[in-house]
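> Sharing a structure here in structure tokens format.
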Amino acid sequence: MLANLSLIKLAPKHRQSFLSLVEDFHTAGEYRFQADLEQIHDNFDEYTQRLLGMEMGVGLPEGMVPQTTLWLVKDNNYLIGKSHLRYQLTPTLEHHGGHIGYFIRPSERGKGYGTCLLELTLGAAYNIGLSRILITCDNDNIPSVRVIEKNGGVLENQLISTVSGVMISRYWIQL
């Protein structure tokens, strides 16, 4: 089941698969990409270029750091999930967010894709010279806790996030 998976950077050829992923979230009552929907529909090429620009720190909103957006894809086209690999931590990201954030489309959850996505993203982190990765998640997100722990996450602490106001767990992974 987990065959033919790879990490990619989003390209114009992935537009239909991306729109399918957005619809999958909407069907599940999760509204990701809301701020970008107009641009995604009107000029997907521009959206993919903006993601690439974020890697180089181009056009970043205040408080954001350069990051690579990676997509878990099956058979080179079917988008399953997304991760953000941040190269550095701000005080806010050190508290909540960490180096890596990730998600899996709702219809593909519970199939091992999250564990695979994080494992591959950790490899990308190692390749850019990071040796220790911080990942945070809400305490009640048991699937994410499992994914992080399966990938070697060691719980540092649990605290109330000043970003979300909910209890979060902070994990470190040594690469």
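The values are calculated or read from the model by the stated rules, or taken from the named source; none is laboratory data. Since we're looking at a predicted model, the values are computed, not measured. No Cβ is skipped: glycine too gets one built from the backbone with ideal geometry, and neighbour counts run over all protein chains shown. Side chains included, ligands, DNA and RNA excluded: accessible areas come from the protein's heavy atoms. Shrake-Rupley method; radii C 1.70, N 1.55, O 1.52, S 1.80 Å.
> Suppose only helical runs count, i.e. DSSP H with n ≥ 4. What mean residue ellipticity at 222 nm does that imply for the chain under -39500 (n - 2.57) per run, divided by all residues and rounded to the nearest 500 deg cm²/dmol?
Working: 6 runs with 60 residues, N = 175.
Helix-only estimate at 222 nm: -10000 deg cm²/dmol.
> Per Stokes-Einstein, at 10 °C and 1.306 mPa s, what whole-number D in µm² s⁻¹ belongs to region 96-145, with the Kirkwood radius over Cα pairs as the hydrodynamic radius?
Details: Rh = 11.8 Å.
Approximately 134 µm²/s, per Stokes-Einstein.
> Treating the beta-carbon of each Lys and Arg as +1 and of each Asp and Glu as -1, no other charges, what is the dipole magnitude of region 34-169 about its Cα centre, to the nearest 20 debye? Don't skip to the answer; put the middle values down first.
Values: 10 positive and 15 negative charges, 101 e Å.
It comes to approximately 480 debye.
> Could you give the nm distance between label points at Asp42 and Gln88, where each point is 7 Å from its Cα heading toward the beta carbon?
3.3
> What residue among Ala125, Ala35, Ala11 shows peak mean-square fluctuation when the chain is described by a Gaussian network model with Cα springs under 10 Å?
Of the options given, Ala35 has the highest mean-square fluctuation.
> Pick out which of Arg109, Arg32, Arg86 has the largest mean-square fluctuation in a Gaussian network model of the chain, springs linking Cα atoms closer than 10 Å.
Most flexible of the set in this elastic network: Arg32.
> A further question follows. If a/c stays under 1.5 just call it rounded; otherwise compare a/b with b/c (prolate if a/b is bigger, oblate if not). Do that for the chain, with a ≥ b ≥ c from the square roots of the Cα gyration tensor eigenvalues.
Details: a/c = 1.45, a/b = 1.28, b/c = 1.13.
Rounded.
> Using the crude model of +1 on Lys and Arg Cβ and -1 on Asp and Glu Cβ, and no other charge, please compute the dipole size for region 1-106 relative to its Cα centre, in debye to 20.
Values: 9 positive and 12 negative charges, 72 e Å.
Around 340 debye, computed over region 1-106.
> Can you run phi through the Karplus equation (6.51, -1.76, 1.60; θ = phi - 60°) for region 121-127 and list ³J(HN,Hα) in whole Hz, with x for Gly and Pro?
Along region 121-127, the couplings run 5, 4, x, 5, 5, 4, 5 Hz.
> Relative contact order of region 95-175: what whole-number percent is it, with Cα pairs under 8 angstrom and at least 6 residues apart?
On the way: 115 pairs, mean separation 28.5, N = 81.
Rounded, it is 35 percent for region 95-175.
> Which of Phe18, Phe44, Phe33 moves most in a GNM of the chain, Cα contacts under 10 Å?
Comparing Phe18, Phe44, Phe33 in a Gaussian network model of the chain, the most mobile one is Phe33.
> Take Ser131, Ser144 and sort them by solvent-accessible surface of the protein heavy atoms, 1.4 Å probe, largest at the top. Can you show the working numbers first?
Values: Ser131 70, Ser144 15 Å².
Descending order: Ser131, Ser144.
> Hey, any idea what % of the chain's accessible area is carbon plus sulfur with a 1.4 Å probe? Don't skip to the answer; put the middle values down first.
On the way: 4600 of 9020 Å².
Heavy-atom surface of the chain belonging to carbon and sulfur, 1.4 Å probe: 51 percent.
> Based on Cβ point charges of +1 for Lys and Arg and -1 for Asp and Glu, what charge dipole magnitude is obtained for region 106-160 about its Cα centre, in debye rounded to the nearest 20? Kindly include the intermediate steps, with their values, before the conclusion.
Details: 5 positive and 6 negative charges, 31 e Å.
For region 106-160, the charge dipole is close to 140 debye.
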